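Report on the structure given below.
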Amino acid sequence: MLSIPHQDQNNLTLQCAIITVSDTRTTETDKSGQLIHSYLTEAGHKIKTYIIIPDEPGEIQQQLTKITANHTDAIIINGGTGIAPRDTTYDALESLLEKTLPGFGEIFRSLSYNEIGSRAIASRAIAGVYQQTLIFSLPGSSNAVKLALEKLILPEITHLVKQIQRLPN
């Protein structure tokens, strides 16, 4: 069972979306998307949307705009955060974010370094706010997803959404 160090006293069920960015994954082979789904539902949150889309910047931006217009509290994206030519998630997202959480990417890369060494520098994991929606963008690796969810996202997601929505703690 997941241990959250300073869980908010008022549990809030968040409306969440999962986007897997991949040119090859399907719902059957998307282990990272399934992992995100499992962790969020285990934490008591609802999944409003789960989609797999190709690594195309226009498609990524279009889906983000569509999902944020549908009263979603948080979106977790996985895939497309590296530096290969087809890795465009960061580029598509970075231009949309109204506020960024630089600490997320910094701490994620630090934690990743402890697990995978210097290859962590290639990660362009990012988080921020777009249209009153909290967005996290993670690498597509299941190990990276697990690390981010356990160490960063689940301990803080409710608090961050409350900050965005100005809800009392």
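Where a number appears in this text, it was derived from the coordinates with a stated rule and is not lab data. Just so we're clear, the structure is a prediction, and the values are computed from it rather than from any experiment. Note that we place each Cβ from the backbone using ideal geometry, even for glycine, and neighbour counts take in every protein chain shown.
So how do 113-122, 155-164 stack up, highest first, on mean other-Cβ count within 10 Å?
Details: 113-122: 12.0, 155-164: 18.7.
Result, highest mean Cβ count within 10 Å first: 155-164, 113-122.
Taking 41 Å as R0, compute the FRET efficiency from the Cβ-Cβ separation of residue 70 and residue 118 and round it to 0.05.
Values: r = 40 Å, r/R0 = 0.97.
Computed FRET efficiency for residue 70 and residue 118: 0.55.
Entry for region 120-169 at q = 0.19, 0.25 Å⁻¹: log10 I(q)/I(0) = -0.68, -0.98, Debye formula applied to identical alpha-carbon scatterers, no solvent contribution. A crude spin-label estimate for the pair residue 98 and residue 26, with each label 7 Å from Cα along the Cβ direction, gives 3.9 nm.
The rule of thumb for compact globular proteins, 2.2 N^0.38 Å, goes into the C-alpha radius of gyration of region 13-169 0.94 times. Helices in the chain that qualify as membrane-span-like (whole DSSP H runs, Cα extent of at least 15 Å along the helix axis, mean Kyte-Doolittle hydropathy of 0.0 or higher) are 154-165.
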